[in-house]
1. Would you pull out the residues with amide H under 5 Å of residue 264's amide H, same chain only if 5 or more places away, H placed 1.01 Å from N?
2. Pop out the ³J(HN,Hα) list for the stretch 299-304 in order, Karplus 6.51 cos²θ - 1.76 cosθ + 1.60 with θ = phi - 60°, rounded to Hz; leave Gly and Pro as x.
3. If the viscosity is 0.692 mPa s and the temperature 37 °C, what Stokes-Einstein diffusion coefficient in µm²/s follows for the stretch 287-343 when Rh is the Kirkwood radius over Cα pairs?
4. Under the Karplus relation 6.51 cos²θ - 1.76 cosθ + 1.60, θ = phi - 60°, what is the ordered set of whole-Hz ³J(HN,Hα) values for the stretch 184-201, x standing for Gly and Pro?
5. Mind listing the long-range amide H neighbours of residue 313? Cut-off is under 5 Å, sequence gap 5 or more, other chains count too, H placed in the peptide plane at 1.01 Å from N.
6. For the stretch 261-355, compute Rg over Rh where Rg is the Cα radius of gyration and Rh is the Kirkwood radius from the inverse mean 1/r over Cα pairs.
7. Pull up all non-local amide H partners of residue 368: gap of 5 or more, or a different chain, and H-to-H distance under 5 Å with H placed in the peptide plane.
8. Using a Förster distance of 30 Å, how high is the FRET efficiency between residue 49 and residue 105, based on the Cβ-Cβ distance and rounded to 0.05?
Amino acid sequence: MAEENDQEKTEQATPRRLDKAREDGQIARSRELSTFMVLVTGVASMWFLAPWMFDRMGVAVTEGLRFDHALVFDPSLAMRHVGGLLIQAGLALAPVLGALAIAALIAPLALGGWLMSAKSLSPDPKRLNPLKGFKRIFSHQALAELAKAVAKTVLIACVAWLFIGYQRQALLGLAQQSIGSAIADALGLVAMCSVLILLAFIIVVLIDVPYQLFSHHRKLRMSRDEIRREHKESEGDPHLKARIRQQQQAVAGRRMMSEVPKASVVITNPSHYAVALRYEAGMAAPRLVAKGADEIAARIRAVAGEHRVPLLEAPPLARALYRHCDLEREIPAGLYAAVAEVLAWVHRLALAAREGEAPPTAPVDLPIPPALSVDPDPSMPGSADR
C-alpha cells in the first residue's frame, strides 16, 4: 500500500522538474489571453487611427475609380498605377498591422514568457502513433478545450445578439441617411459592439488563465518516488559521496603525513593530540603542516620518530594549535610567544646534539592566552595527562 502511494503523482513539481519542462518546451500558455491582447490592440488602434485611415483609403479608392484614358492603352502604366494604389493602401494599414504584430510578440510575456526550445521542434515518433492521437482527441484536456470553445462562442454570440437587438432601430435608420453619415454611424456601432465583445472576452480570459496554470502544474506533478530519485540524482548517491570523502581524506592524510618529516617540531598532548610545525628562515611565522587526534596523532608521532623530528609534550599548546589553526596556515598571533620558546628549545636541542652535550630541559608553562586556551575533554581516556 505504501509503494502504491509513493507511485501516485500527488506532489507539486520541484524547481528542477519545472526547469526541465521549460527546456522541453512545456510551459503554461493561454491562447485566450494572447487573443484578447491582440484584439484589444486591434480595436484600440482602429479606434484612434480610423479618421486618418479613412482619409488615406478614401484617396486610394478615389484614384482607383477615376478613369484615365492613358491607362487603357498602356499596360505598364496601368501596372504602375495599381502598384501605387497598393502602396497607399499598405501605408494606410501599416500602423494597425504593426501594432498587431507588436501585440502578438508581447502577448507571450503575460504568461509563460518567450520560449525557444529545439526539443519542442524535434520530431517525436510517439506523436505519429494513431492510437495515442485518438486517445488525445478524447482526453480530458481536449474535452475541456472543446467546452471552452463552445462557451466562448455562445458568450460572444449572445453579446452580439443583444447589442444588435438593442440597436435595431439605429441599424434600420442607416438606410435613410446619406452615405457619409451612414458610414460614420455604422463604424461607431461596430466600435461599440467590439468594445462590448472585448468586455465579455475578459470573462473568458479570467477563467482560462487560472485553468491553464492549474492544468500545467497538474501535468508536472510528481510521485514521492520521483522526488526521491531526483534528490538522489541532484545530491548524488550517499554511498558514493561517502566513498569519495573517504578517498579525499585518505589523499589528504597521505599528503599531510608526507609533510611531517619536514617539520621543525611535533607538539603532543601527549597521546591524544599531535601537531607538527615547520619554520624556516624567511617565513613570516611558523606554519602548521600536520595535525590529528587519536590514531592520526599516533601516526604523526611515529613518522616524526622515524625521521628524528623533535617531539615535545605540551598539552595546552597542542590543544590550542589543534583547535585554532588550520592545515597549511600560519599559527595565530596569540601563540607566537609560546611557539617561539618551543623553537628556541628545538635550536638548543640541535646544537647540543652536534656538540655532544646533554639535551636542554624542555620548556614548561608556556604562555597560552585565555582566548586561545582549550580545556581538556574529561571524557577522553588519559585526560588527566593533558
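1. Hits under the 5 Å cutoff: 277, 278, 279.
2. Here the 3J(HN,Hα) series is 5, 4, 5, 5, 5, 5 Hz.
3. Translational D for this selection: 272 µm²/s.
4. Rounded to whole hertz, the list is 5, 5, 5, 5, x, 5, 4, 5, 5, 5, 4, 5, 5, 5, 5, 4, 5, 5.
5. Hits under the 5 Å cutoff: 268.
6. 0.94
7. none
8. After rounding, the FRET efficiency stands at 0.95.
No lab work stands behind these numbers, since they all come straight from the coordinates. These numbers come from a predicted model, not from an experiment. Please note: Cβ atoms are built from the backbone with ideal geometry, for glycine as well, and neighbour counts cover all protein chains shown.
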